[in-house]
Amino acid sequence: MQNNWNKQSSPPLFASFGLSLDESTKDVELIGVAERSSQGGLQVYEFEYIIDSTRGGMKRIFSAAFVNSKKLYLLNIAHMDKPESPLDSHTRTMLEQVLHSFDAAPLT
């Protein structure tokens, strides 16, 4: 699933988390969305998107989010995604392992 947004049309996904694109954001491309169950039985949502901004250029963002005890927990991993040095498969695997390790403690 790939979608592109700009400042005039913030993605509904961002709005659902109370986020909006700031003035420095030129473009956002949603690469993927996934949902998984945590070890504690909570739903964890994972996102991958690319942001093009006037501050820093292209960044690939891996995010995970879950709600536990009425608190929102977020993990954001940013990787510079320059055309001359694209994300290699080894780095992607390492970043995805960190993303998938983001979890709530098991409920007792």
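The values are calculated or read from the model by the stated rules, or taken from the named source; none is laboratory data. As the structure is a prediction and not an experimental result, all values here were calculated from the model. Cβ coordinates were reconstructed from backbone atoms using ideal geometry, including for glycine residues, and neighbour counts include every protein chain displayed. Surface areas here come from the heavy atoms of the whole protein model, side chains and all, with no ligands, DNA or RNA. Shrake-Rupley method; radii C 1.70, N 1.55, O 1.52, S 1.80 Å.
Some points to look at:
- Summing charges over neighbours of Val98, with a neighbour being any other residue whose Cβ is under 14 Å away from its Cβ, gives -2 when K and R count +1 and D and E count -1.
- Approximating the spin labels as points 7 Å out from Cα along Cα→Cβ, the His100-to-Asp81 distance works out to 2.0 nm.
- In a simple Cβ point-charge model (Lys, Arg +1; Asp, Glu -1; nothing else charged), the range 61-108 has a dipole of about 300 debye relative to its Cα centre.
- Loop sites in the range 52-97: trypsin sites (Lys or Arg not before Pro), DSSP, at most 13 other Cβ within 10 Å: Arg55, Lys70
- Length gained when the stretch Val33-Lys59 is fully extended (0.36 nm per residue, less Cα-Cα span): 7.7 nm
- Whole-percent carbon and sulfur share, accessible surface of the range 24-101, 1.4 Å: 54 percent
- For the range 75-88, backbone phi angles converted through the Karplus equation (6.51, -1.76, 1.60; θ = phi - 60°) give residue-by-residue couplings of 10, 10, 10, 10, 10, 4, 10, 7, x, 7, 9, x, 5, 7 Hz, Gly and Pro being listed as x.
- Difference of contour (0.36 nm per residue) and Cα-Cα distance, Lys26 to His90: 20.2 nm
- Rolling a 1.4 Å probe over the heavy atoms of the protein chains gives the range 24-101 an accessible area of 59 Å² per residue.
- Neighbours of Ala64 by Cβ distance under 14 Å: Lys/Arg scored +1, Asp/Glu scored -1, total -4.
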